[in-house]
Structures are given as structure tokens and as C-alpha cells.
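Shown next, in C-alpha cells, is the structure this report addresses.
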Amino acid sequence: ISSSLNGILSALTPLMTLLIGGLFYRQAIKKRQSYGLLIGLLGTCILVLFSPRNDLGWVNAFALLAVLATFFTGLAGNMIRFNLKGLSVVQISSLAFLIVMPFAAFYTWHSGMIPKGISSVEGQTALGYTFALALFANVVGILIFAKIIELSSPVIASLVTYLVPINALFWGIWDGEEINMAQLFGMGIIILSIWIVGKELTTSSS
């Protein structure tokens, strides 16, 4: 799938966080929030079931992987809030990367990414971008994400994904990716669902 579609689907993270909190952590889901979840599900179905040519009935299995990623992000947010209360932000972040490290090291070693990367100027540039992405998007991002959860709630922290679809669309258009009307319509529905959930949270906290 395109980076634009992936960014649009990542906006489901607050809804997944709310759903997991209700199903597994006994967090109350109010009626308006349940409406938001249903509307978000509708937007997801549109993005998954429409082909790049706006044809209905074509299931994009790769888009389902992006949806699965939002599920795990929502699960992580709830686990940080309710299962890892006694750990600091740095400890939580270190634990996350410690779990990922063996898999990443295995893939890096067997793919030959490092030798290929340092053997050419283009490869060195790519490795530099990869390092910058790992540092700012992963390390710094996870630290901030965990801190926001500590100070507020998993759903509030995940509302940052309001900005992800807009950013993804911008870079997708700049990179020449095709964005059809079905994708824009589905994104609009998902953003509406997040707004409904976010408004309910704001009303409850005020």
C-alpha cells in the first residue's frame, strides 16, 4: 500500500486504544464513543474494500496489516498505563527496544543491509536516513508517547494520530502517489470518528 493510505489507516490508533481499554481493561465506553468506534469501522472498511481504481469488492490484505499495527499500538498504550505503572518512561522504552532487538539484529545480519549500505554513496545516504528515523521517530517518539500516557491516558496520547493522515497525504502527493476519492472519503470518516471520541473525552474531563 502507499504511504498515504498507511498514514490514513494509522488514524485508527485512538479508536483501537479505546476499544482495547473497554474489552480488556474494563474501561467505560460511553454511548457517543461507541458511535465513534462504529463510524471508524465504516471508514476502515471503505479503505480496505476499495481498489486504487475505486472498484468495490477488492480486498487489500496489506491494508489489513496496517490496521493490525494500530491494534498493537493501542494494546501497547493500555499496557503502559495499566500493566507497567511501576516503571519509568526510560525503563519502558528500554524494555520495548530490548524485545525488538533480537529480531531486528537477525534481519539486519541475514539481509546484508549493512555491507550493502556502506558499499555505495546511495547506501550510506539510506543508512543515514534510517538512523535519523530510528532516533527521532522511534526512540524520542516512544519516550514522549510513554510520558503523555503517564500524565494523562492512553487514548489522549494516541490522539496525536490526528496529524498523521495529513502529514502522510502531503508526503504522498509530493512523492507522486495516487490518492483516489474513496481513500479521501474513508479518511474523512475516520477523522470524524476520532473527533467524536476526542470531543467526548474533552467533555468528560472538563
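The values are calculated or read from the model by the stated rules, or taken from the named source; none is laboratory data. The structure presented is a predicted model; accordingly, all values stated were derived computationally and were not measured. Backbone-built Cβ (ideal geometry, glycine too); neighbour counts: all protein chains shown. Note: accessible area is taken over every heavy atom of the protein model, side chains too, but ligands, DNA and RNA are not part of it. Shrake-Rupley method; radii C 1.70, N 1.55, O 1.52, S 1.80 Å.
So the values come out like this:
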quantity: Residue within region 61-79 that is closer than 24 Å to Trp195 by Cβ and in contact with a Pro (Cβ under 7 Å, 6 or more places away or on another chain) present; calculated: yes
quantity: Test: residue in region 194-201 that is closer than 21 Å to Ala63 by Cα, surrounded by fewer than 19 Cβ atoms within 10 Å (Cβ to Cβ) and at pLDDT 75 or above; calculated: no
quantity: Region 62-95, subset more than 14 Å from Gly21 (Cα to Cα) and under 16 Å from the mean Cα position of the chain (by Cα), residue most open to solvent (accessible area, probe 1.4 Å); calculated: Phe62
quantity: Single unsatisfied condition, Leu49 versus (1) among the aliphatic types (A, V, I, L, M); (2) within 15 Å of Ser193 (Cβ to Cβ); (3) at pLDDT below 80; calculated: (2)
quantity: Of the criteria (1) under 17 Å from Leu192 (Cα atoms); (2) surrounded by fewer than 18 Cβ atoms within 10 Å (Cβ to Cβ); (3) modelled with pLDDT under 80, which one Leu42 fails; calculated: (3)
quantity: Selection within region 24-39 - assigned to a helix (DSSP H, G or I) and either at pLDDT 80 or above or not hydrophobic (A, V, I, L, M, F, W, C) (or both); calculated: Phe24, Lys31, Arg32, Gln33, Ser34, Tyr35, Gly36, Leu38, Ile39
quantity: Selection count where residues are closer than 27 Å to Ala182 by Cβ, surrounded by fewer than 21 Cβ atoms within 10 Å (Cβ to Cβ) and not polar (S, T, N, Q), scope region 20-36; calculated: 2
